[in-house]
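Heads up: the structure comes next, in structure tokens.
The values are calculated or read from the model by the stated rules, or taken from the named source; none is laboratory data. Keep in mind the model is a prediction, meaning the values are calculated, not measured. Here the Cβ positions follow ideal geometry from the backbone for every residue, glycine too, while neighbour counts run over all protein chains shown. Protein only, heavy atoms only, side chains kept; ligands, DNA and RNA dropped before computing areas. Shrake-Rupley method; radii C 1.70, N 1.55, O 1.52, S 1.80 Å.
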Amino acid sequence: MARRSIFLVGPMGAGKTTVGRRLAQNLGLEFFDSDEEIERRTGTTIPIIFEIEGEAGFRKREHQVLSELTALSGVVLATGGGAVLLPENRELLRSRGTVVYLRTSVAEQLRRTRSSTHRPLLQADDPEQRLRDLAEMREPLYEAVADIVVESPGRKVGATVKDVLDRLADAHFTTGPG
Ligand SMILES: Nc1ncnc2c1ncn2[C@@H]1O[C@H](COP(=O)(O)OP(=O)(O)OP(=O)(O)O)[C@@H](O)[C@H]1O
Ligand SMILES: O=C(O)C1=C[C@@H](O)[C@@H](O)[C@H](O)C1
Ligand SMILES: [Mg+2]
């Protein structure tokens, strides 16, 4: 019998990877991260994939990885910030698991991603404006796929993990069959 999976969505720096890994440990589930899986398969980094293949090339790879990882049962999957852009991806996420939207502010995103050079979309003259533009376009998409919305403000990661666990319990999420 298939076991339900948890898919984390949200913008860059929302904490999908960090919270997702801890959540999986807590629930005794296997953890996957679509960005890490793309890097593992290609043997290179996301900025280099963007450089060589453009964003469109990256999105194709992302769709392939998401279609495989969402087919697994009983896992926690952290997605990339743009995973909700393709309607096909939204359908995979919505139909195959419980989707948790980690919501945060642009100010907090900036703080959390400041020292990173690993997010090509933030290599802009004005990263704050870029994050605002992305949020305006993507927030409705995160909302559309989400079963649960959890705020991920400037607190300790453990507090956000606990909030996600509480909200999953409220939604009667179990790691058992079904
Ligand atoms: N809830 C939280 N409270 C405090 N700090 C956090 C929280 N979540 C994440 N962080 C910190 O913010 C940074 C970015 O988090 P993370 O890489 O998990 O974001 P992400 O949502 O996976 O981003 P991306 O879409 O780019 O993969 C990390 O250094 C992490 O420790
Ligand atoms: O928000 C985005 O579009 C992205 C977020 C990251 O997780 C990576 O998937 C990549 O840098 C693109
Ligand atoms: Mg991540």
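Could you count how many residues in the range 2-36 are free of Cβ contacts under 8 Å to residues at least 40 places away in the same chain and either surrounded by 20 or more Cβ atoms within 10 Å (Cβ to Cβ) or away from ligand 2 (no atom under 13 Å from the Cβ) (or both)?
Within the range 2-36, residues that are free of Cβ contacts under 8 Å to residues at least 40 places away in the same chain and either surrounded by 20 or more Cβ atoms within 10 Å (Cβ to Cβ) or away from ligand 2 (no atom under 13 Å from the Cβ) (or both) number 1.
Restricting to the range 93-107, and then to whatever is surrounded by fewer than 20 Cβ atoms within 10 Å (Cβ to Cβ) and assigned to a helix (DSSP H, G or I), can you tell me which residue is farthest from ligand 2 (Cβ to nearest atom)?
Result: Ser95.
Looking at Thr70 and the list (1) among the hydroxyl-bearing types (Ser, Thr, Tyr); (2) within 16 Å of ligand 2 (Cβ to nearest atom); (3) out of contact with any strand residue (DSSP E or B) (no Cβ under 8 Å at 6 or more places or on another chain), which single condition is not satisfied?
Failing condition for Thr70: (3).
Filter the range 70-89 down to the residues that are within 16 Å of ligand 1 (Cβ to nearest atom) and either closer than 23 Å to Pro120 by Cα or open to solvent by 70 Å² or more (accessible area, probe 1.4 Å) (or both) and list them by number.
Leu77, Ala78, Thr79, Gly80, Gly81, Gly82, Ala83, Val84, Leu85, Leu86, Asn89, listed by residue number.
Say we look at the range 37-69 and pick out the residues that are open to solvent by 20 Å² or more (accessible area, probe 1.4 Å) and hydrophobic (A, V, I, L, M, F, W, C); which of these is nearest to ligand 1 (Cβ to nearest atom)?
Out of the qualifying residues, it is Phe50.
I need the full set of residues from the range 133-148 which are touching a helix residue (DSSP H, G or I) at 6+ places or on another chain (Cβ under 8 Å) and either part of a loop (DSSP other than H, G, I, E, B) or closer than 23 Å to Ala56 by Cβ (or both), in order please.
The answer is Leu134, Ala135, Leu141, Ala144, Val145.
Please tell me if Ala124 is more than 18 Å from the chain's Cα centre (by Cα) and open to solvent by less than 50 Å² (accessible area, probe 1.4 Å).
Taking the combined requirement at face value, the residue satisfies it.
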